1. Answer with one residue from A280, A188, V58: the one whose Cα lies farthest towards the positive end of the charge dipole of the chain, charges on Cβ with Lys, Arg +1 and Asp, Glu -1.
2. Please give every one of the aspartates and glutamates within straight-line cross-link reach of K245, meaning a C-alpha to C-alpha distance under 18 Å, and leave out same-chain neighbours fewer than 8 residues apart.
3. Quick one: F192, F92, F162, fewest Cβ neighbours within 10 Å first, how do they rank?
4. List I41, I146 from most exposed to least, where exposure is judged by having the fewest other Cβ atoms within 10 Å.
5. Using Cβ contacts closer than 10 Å as the measure, can you line up Y270, Y176 from fewest to most?
6. Quick one, could you list the DSSP H helices from the chain stretching 27 Å or more along their long axis (Cα atoms) with average Kyte-Doolittle hydropathy of -1.0 or above?
7. To make sure I understand the rule: partners must be aspartates and glutamates, Cα under 17 Å from the Cα of K178, and not fewer than 8 residues away in the same chain. Which ones qualify?
8. What number comes out for the charge environment of R166, summing +1 per Lys or Arg and -1 per Asp or Glu over other residues with Cβ under 11 Å away?
Amino acid sequence: MTTPQHKIGSGFGATSTAAEVLDGIDLTGKLALVTGGYSGIGLETTRALANAGAHVVVPARRRATAETALEHIPGTEVDELDLADLDSVRAFTDRFLATGSHLDLVIDSAGIMACPETRVGPGWEAQFATNHLGHFALVNRLWPAIADGARVISVSSRGHHFSPIRWTDPHFTTGYDKWLAYGQAKTANILFAVHLDHFGRDRGVRAFALHPGSILTNLARHIPQEERVAQGWVDENGVPSGYFKTPEAGAATQVWAATAPRLDGLGGVYLEDCDIAELAPDGDGVTDVGLRVGVRDYAVDPAEAARLWTLSAELTGLDATSR
């Protein structure tokens, strides 16, 4: 398949931090929204953007926790949002739209990973509903407030290698697998950016998806210690493997995606380690040391992206492209 998925030589890499990629970039006067912007890599993203001059809105399911986390970061504000609840998405977006503000940067960073089987809304699988459908609804409702020339960032994961979209059973009604469900949700995050970029580019709105890197944060709260050891994440004493990034480095790729001048005129691509990723080698992306790199072709297929957009619009009752 012909693809723009090729490295561009950004000058940054796996160990670059969010502060480093923002060095020399002035975001004064810019308004950003960061879901999950009060913990883990989301918190470091908020901190870096605010330090560069942006005003950052952080919608949070745990409002009090968010306010505590952000109390010493000037230029931030907190509102309430539960991505697993479309009524909460509607209420938040109604409040935001009523302000008349316009967003320059939207970073969809919140998510859940490998949770026990959970149903939300009308019986939707929770990872697909929270990680994808909640952000789909959020961006579609906020579309009138997304400024011309804005960037929308969809934080995916190397976990997208685990599964394409399960078109015949996206909600795992015939048997649940926490890692396949996570993989499908992360594939959905990429496909969302592909189609959003396709329809938004006439307004200069560009969308990117990315793998932030492996970072041990509260995202892994559902993974028991014995599984972490078996996966090689930590040793028997709980000491993390050397391949994990710090939260500051984990935030770098999404901050770079949102602000890098090198990405002007580009969009609809998947990034990793502060650069555009290549297509996964040999079809599956597994290297000789067992790591998955690059992006699977099914995750950047425009036809798959359009099909997912249609399904998501049917499920949520929202579609900014139809206006």
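Each reported figure results from applying straightforward, stated rules to the coordinates on display, with no laboratory input. Owing to the predicted nature of the structure, the values given are computational and were not obtained by experimental measurement. FYI the Cβ positions are ideal-geometry reconstructions off the backbone, even for glycines, and counts take in every protein chain you see.
1. The one lying farthest along the dipole's positive direction is V58.
2. Answer for K245, where 18 Å is the Cα cut-off: E20, E44, D235, E272, D273, D275, listed by chain and number.
3. Final ranking by Cβ density, sparse to dense: F162, F92, F192.
4. Values: I41 28, I146 22.
Fewest-to-most Cβ neighbours within 10 Å comes out as I146, I41.
5. Values: Y270 28, Y176 14.
In order of increasing Cβ crowding within 10 Å: Y176, Y270.
6. Numbers: long enough: 178-200 (33 Å, 0.20).
Those that pass (Cα extent of 27 Å or more, hydropathy at least -1.0) are 178-200.
7. Straight-line reach from K178, under 17 Å: E117, E125, D169, E226, E227.
8. Working: positive: none; negative: E125, D169, D177.
In short, -3.
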